[in-house]
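Notes follow once the structure below has been shown.
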Amino acid sequence: MTHISVNVDGTTYEDEVEPRLLLIHYLRDHLGLTGTPIGCDTSNCGACTVELDGESVKSCSVLAVQADGSEVTTVQGLAQDGEWTGLQKAFHEQHGLQCGYCTPGMIMAARDLLRENPHPSSDDVRQALEGNLCRCTGYQNIVRAVLAASGQEVPA
C-alpha cells in the first residue's frame, strides 16, 4: 500500500491505496464521487475526464499514486453553492446531452479548451473534443453548447 494525499474538489484526502489503483476507481470507489463515469477503461472514450492540476486527463489512464500531492477537479466540483457554471448551463440549454453518459467528460474537456482558447471556432471545439466519444447526440449540440459558453453566437 502507498500513502497518498490528494485534494479533490477542494477537499484534501489522505489514503492508503494499492499502487496499481486507477484514479477513476479511487474517485468512485474510495471517495464515492460517482459523477465521473467509467466508460471504456481503455482511455478511448473520454467519459472519465477530470482535471489534474488544471489539465484535463482521462482518469482511467492515471494511477491514483500519480495524483499524490495534486489537485483533482471532477464535474461534481464545478458547481458553486448549487449553481452550475456557464458551461454546464450551456450544455443544458443547448441540449448538449442525451443520455448524459459522456457529458461529464465532455464538460471537463471543454473547460480545458475554453481556458486555452476563450473564443474557439466550431472546428476548434470539434478538434479539442475528438478524444471524447458520444454515442447519442451526433455532436452538433455539444459544439453549440461550447460555443454558447464562450459567449459566441450559436448557429441555428
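Of note:
- Selection count, the stretch 24-40, where residues are open to solvent by 40 Å² or more (accessible area, probe 1.4 Å), under 20 Å from Ser5 (Cα atoms) and touching a helix residue (DSSP H, G or I) at 6+ places or on another chain (Cβ under 7 Å): 1
- Single match in Thr103, Thr85, Thr137 (criterion: surrounded by fewer than 16 Cβ atoms within 10 Å (Cβ to Cβ), closer than 23 Å to Cys48 by Cβ and of a type in the set (Ser, Thr, Tyr)): Thr85
- Cross-chain or 6+ apart pairs with Cβ under 6 Å, the stretch 23-41 first and touching a residue at least 60 places away in the same chain (Cβ under 8 Å) and closer than 19 Å to Asn132 by Cβ, then in a loop (DSSP other than H, G, I, E, B) and among the hydrophobic types (A, V, I, L, M, F, W, C): Thr36/Cys48; Pro37/Ala47; Gly39/Cys45; Gly39/Ala47; Gly39/Cys48
- Residue within the stretch 145-152 that is within 22 Å of Leu33 (Cβ to Cβ) and modelled with pLDDT under 90 present: no
- Unmet criterion (only one of (1) on the phi > 0 side of the Ramachandran plot; (2) in contact (Cβ under 8 Å) with a residue 60 or more places away in the chain; (3) acidic (Asp, Glu)) for Asp53: (2)
- Qualifying residue in the stretch 56-77 (condition: touching a residue at least 12 places away in the same chain (Cβ under 8 Å), of a type in the set (D, E, K, R) and exposed (fewer than 14 other Cβ atoms within 10 Å of the Cβ)): no
- The lone exception for Ser43 - which of (1) open to solvent by 10 Å² or more (accessible area, probe 1.4 Å); (2) closer than 17 Å to Val6 by Cα it fails: (2)
The values are calculated or read from the model by the stated rules, or taken from the named source; none is laboratory data. As the structure is a computational prediction, the values presented were derived from the model and not from experiment. We place every Cβ from the backbone using ideal geometry, glycine too, and count neighbours over all the protein chains shown. These area figures cover heavy atoms from the full protein model, side chains too; ligands, DNA and RNA do not enter into them. Shrake-Rupley method; radii C 1.70, N 1.55, O 1.52, S 1.80 Å.
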